[in-house]
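Contents: one structure, followed by commentary.
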Protein chains: 2
Amino acid sequence: MTPDWIAVDWGTSNLRAWAMGPTGVLAHAASDDGMGRLARDQFEPALLALIAPWLGQGVTPVIACGMVGSRQGWFEAPYRAVPCAPLDHGGLVRVPVQDPRIAVHIAPGLKQARPADVMRGEETQIAGALALRPAFDGVLCLPGTHSKWAQISAGEVVSFQTYLTGELFALLSQQSVLRHGMAGGGWDDAAFDTGLSDALSRPDRIGALLFTLRAEGLIADLSPAAARARLSGLLIGIELAAAKPYWLGQPVTLIGADALCQSYARALAAQGLSAQLLPATECTLAGLASLARTSETAR
Amino acid sequence: MTPDWIAVDWGTSNLRAWAMGPTGVLAHAASDDGMGRLARDQFEPALLALIAPWLGQGVTPVIACGMVGSRQGWFEAPYRAVPCAPLDHGGLVRVPVQDPRIAVHIAPGLKQARPADVMRGEETQIAGALALRPAFDGVLCLPGTHSKWAQISAGEVVSFQTYLTGELFALLSQQSVLRHGMAGGGWDDAAFDTGLSDALSRPDRIGALLFTLRAEGLIADLSPAAARARLSGLLIGIELAAAKPYWLGQPVTLIGADALCQSYARALAAQGLSAQLLPATECTLAGLASLARTSETAR
């Protein structure tokens, strides 16, 4: 089989590729050759190592999104400024390659002047969400290492805001003094709710709330599962506190990994909001497919 | 020379010892044999490697404070509960040793039931501050990896609160995505003031304020020096926001490393407070000396 085109999601830590046929995904491959570990001349070999089995005699279009298009990536795809549609065929950047069997394009990210903000990869998921729900107007939340909130209106990203929530959780739970009280697995919904409520009601006290996790582990037998879940609740809580202008009184649609989206949905439900969920990979593929269709039209 | 006694400050990362004579410090030695890298049977050799040159024929008393007395340390010195004097001779724990030339005691830390909190090492600096200023009543702030605020009244620690400020700064500036915009040295007082003001006026927005450092580096030419100083201002700002019940309308005395204390003094000055400064090592030695004096009296 030779795919019509190849979809690529190339982030800092991972490289994922899909062989796309007329009816959807023909094959999928992934590696940990993320942007973060590759020098400029290692991108094309890393891609070919994954997709070579799918290539035929002709030229196969490859459309990629994510950090691969950053200044430290394979080839820079300059940010487009909001307000604008999340993806636009005119913004695609053609990457010079050695192998004649592929024609590689990278989708650019978005930037916002004030408050300063950037995204790379999420714009494709947003475009996918709009492809899956063409009439969508409202608020999208993309939980993750760097969570994004975006206001969508008339097919455009009007504004967006990034939160370090996932990265803070990883650093604090794995590398800070708090890690001593969080070893092992497990989860505690009630502790998550407590952390969420504490942070949402008094976000100004976050600096004091974090160390109590360590202290309660030492002198009040706080379990590792409860400590980890409460940390998650605290961090999602300060995200929700700061993102209140986005979600207050608005329907919210979550795009992301299932478990994390469930935590956000639980947190929003505690604020009286019923969030809808869209799977991240489906959105990424729908977004890249919207570019592939435009490219074919433009040929 | 043989010292009257030996003062030891033994934290997670460092071991510091002072040979003490009738008029003060005779000699000083330090190593990176912190509590964090030692197994239980490695503490005595690590200590002797540092102080052996100071030992004579008789038994030299050694008085230690810090994480060496934690459950993961050399020998556990159980926390004393506030409200109480920061140090008390009765709380000293005698450590069993092999070498007959030393008699080692560890000073216990303090715990607070609600809000749960703990300290190990800072209680000795607080005791030292009270020894240096016997009539002190008011608020002490000990900036550091885990900053402490303590309310002192009638020679007792009434309450205290810990903030992860220093550890958050290290993790975010060295290991998070923000590190990319903070390489190299330099500092920017105006950027520190901006971060401080942003965080103090809207601490609930801290989740959103952090990523702007990265975004402004990418699209608005924020310099590494300004990014690092603004991060420091943001983190000290949310500490001050949460610690407001401690400092509002109170004279504050800072105990700690000079540069860090200067940042806190600048931050407090922006709130209209004139903070006094006490050097950390002087306080540690005065605190341990107060125990050494009591020990001699008790002999």
Take the range A:36-50 and flag every residue that is assigned to a helix (DSSP H, G or I) and surrounded by fewer than 22 Cβ atoms within 10 Å (Cβ to Cβ). A:GLY36, A:ARG37, A:ARG40, A:ASP41, A:GLN42, A:GLU44, A:PRO45, A:ALA46, A:LEU48, A:ALA49, A:LEU50
If the Cβ limit is 9 Å and pairs must be 6+ apart or interchain, which residue in the range B:267-285 that is among the charged types (D, E, K, R) pairs with which residue that is surrounded by fewer than 20 Cβ atoms within 10 Å (Cβ to Cβ)? B:GLU282/B:LEU132
Candidates A:ALA127, A:ALA135 - the one that is more than 19 Å from B:VAL177 (Cβ to Cβ), more than 19 Å from the chain's Cα centre (by Cα), not in a strand (DSSP E or B) and not assigned by TED's automatic domain parsing to the domain that holds A:THR12: A:ALA135
Condition set under 15 Å from A:CYS84 (Cβ atoms) and within 14 Å of chain B (Cβ to nearest Cβ), scope the range A:152-180, selection nearest to the chain's Cα centre (by Cα): answer is A:PHE160
Determine if the range A:273-288 includes at least one residue that is more than 30 Å from A:THR23 (Cβ to Cβ) and within 14 Å of another protein chain (Cβ to nearest Cβ). no
Please go through the range A:228-247 and pick out each residue that is more than 12 Å from chain B (Cβ to nearest Cβ) and within 16 Å of B:ALA208 (Cα to Cα). A:TRP247
Top-ranked residue of the range B:217-227 - restricted to ones that are part of a helix (DSSP H, G or I) and more than 7 Å from every other protein chain (Cβ to nearest Cβ), ranked as surrounded by the most Cβ atoms within 10 Å (Cβ to Cβ): B:ALA227
Count - residues of the range A:242-297 that are under 18 Å from the mean Cα position of the chain (by Cα), surrounded by fewer than 19 Cβ atoms within 10 Å (Cβ to Cβ), within 22 Å of A:GLY109 (Cβ to Cβ) and among the small types (Gly, Ala, Ser): 1
Out of all the residues in the range B:16-33, which are of a type outside the set (Lys, Arg) and in contact with a His (Cβ under 8 Å, 6 or more places away or on another chain)? B:ALA17, B:TRP18, B:ALA19
Taking the condition in contact with a strand residue (DSSP E or B) (Cβ under 6 Å, 6 or more places away or on another chain), loosely packed, with under 15 Cβ neighbours inside 10 Å and touching a residue at least 40 places away in the same chain (Cβ under 8 Å), does B:MET1 pass? yes
Selection from the range A:176-200 of residues that are part of a loop (DSSP other than H, G, I, E, B) and out of contact with any helix residue (DSSP H, G or I) (no Cβ under 6 Å at 6 or more places or on another chain): A:GLY185
Of all the residues that make up the range B:113-124, how many are buried (at least 22 other Cβ atoms within 10 Å of the Cβ) and more than 23 Å from B:PHE169 (Cα to Cα)? 2
Which residue pairs have Cβ atoms closer than 9 Å, lie 6 or more positions apart in sequence or on different chains, and pair a first residue in the range A:94-115 that is within 14 Å of chain B (Cβ to nearest Cβ) with a second residue that is surrounded by fewer than 23 Cβ atoms within 10 Å (Cβ to Cβ) and among the basic types (Lys, Arg)? A:PRO108/A:ARG80; A:GLY109/A:ARG80; A:LEU110/A:ARG80; A:LYS111/A:ARG80
Read through the list (1) within 30 Å of B:SER153 (Cα to Cα); (2) at pLDDT 95 or above; (3) not acidic (Asp, Glu), then give the number of the only condition that B:LEU47 fails. (1)
Please go through the range A:217-241 and pick out each residue that is among the acidic types (Asp, Glu) and without any contact (Cβ under 8 Å) to a residue 24 or more places away in the chain. A:ASP221
Could you say which residue among A:ARG214, A:ARG202 is touching a Leu at 6+ places or on another chain (Cβ under 9 Å), surrounded by fewer than 19 Cβ atoms within 10 Å (Cβ to Cβ) and within 10 Å of chain B (Cβ to nearest Cβ)? A:ARG202
Condition check for A:ASP33: over 13 Å from A:LEU288 (Cβ atoms), modelled with pLDDT of 95 or more and part of a loop (DSSP other than H, G, I, E, B): yes
For A:PRO134: the one exception among (1) at pLDDT below 95; (2) under 24 Å from B:GLY217 (Cβ atoms); (3) of a type outside the set (Gly, Ala, Ser): (2)
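The values are calculated or read from the model by the stated rules, or taken from the named source; none is laboratory data. In this text, all values refer to a predicted model and were calculated from it rather than measured experimentally. Counting neighbours? That spans all protein chains shown, and the Cβs are built from the backbone with ideal geometry, glycine included.
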